[in-house]
Structure formats: structure tokens, C-alpha cells
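**Q** Sending over a structure as C-alpha cells; questions will come in a sec.
Computed from the coordinates by the stated procedures, all read-outs in this text should not be read as laboratory data. Quick caveat, the model's predicted, so the values are computed rather than measured. FYI the Cβ positions are ideal-geometry reconstructions off the backbone, even for glycines, and counts take in every protein chain you see.
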Amino acid sequence: MGEVTARVEVAIRGLVTSGEYGPQDKLPSERRLAEDLGAGRTTVRLVLTMVAEPTRARVQAAIAELGYVR
């Protein structure tokens with residue numbers, strides 16, 4: 001992971017863990033985050049995917065455990 005990517009990841013995780021954005025809140029747009037964090041939109045998109053993936057995996061595991069099938 002590059003230096004900019006790592007810096008953006010820390011910043012985005014900080015927005016969530018600090019309580020600035022709660023579970024139901026929308027984060028700013030990729031463009032806004034990129035401007036605010038001094039990074040490219042591609043980097044912001046990558047980090048958002050990385051940050052969201054563990055949560056998505058936990059939700060899928062919980063659904064499977066409960067036996068929910070669509």
C-alpha cells in the first residue's frame with residue numbers, strides 16, 4: 001500500500017471511528033473526500049472499498065448463520 005493510500009485510509013477510518021459519521025450517515029462524495037484529503041478519486045474509491053469489505057463480509061456471515069436465503 002502506498003503512502004497516500006495509507007494516509008487516506010487512516011483519515012477515512014478516523015471519520016467513522018470518531019463519531020463524525022455514524023452508521024446511517026452518508027460520507028461526503030468521492031470528489032469531496034479526494035479534495036479534502038489531497039488525493040485522487042481513484043485512491044479514495046480504493047480505500048472506501050477496502051474499508052467496507054470487512055463489514056460486508058461480517059454481514060454476509062451473519063446472514064448465512066441465520067439461514068436467510070433470498
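**Q** So how do S18, S29 line up by other beta-carbon neighbours within 10 Å, fewest first?
**A** Ordered by Cβ neighbours within 10 Å, fewest first: S18, S29.
**Q** Report the full-extension gain for the segment M1 to R41: residue separation times 0.36 nm, less the Cα-Cα distance, to one decimal in nm.
**A** So the chain would gain 12.8 nm between M1 and R41.
**Q** With every atom except the alpha carbons ignored, what do you get for Rg and Dmax of the chain, in angstroms?
**A** Looking at the chain, its Cα Rg and Dmax stand at 14.3, 44 Å.
**Q** So how do 40-46, 19-25 stack up, highest first, on mean other-Cβ count within 10 Å?
**A** Ranking, from highest mean packing down: 40-46, 19-25.
**Q** What number, in percent, do you get for the relative contact order of the chain if the mean sequence gap of Cα pairs under 8 Å and at least 6 apart is divided by its residue count?
**A** Across the chain, relative contact order equals 35 percent.
**Q** Taking 0.36 nm per residue of separation and subtracting the Cα-Cα distance, what length does fully extending E53 through S29 add?
**A** 6.8 nm
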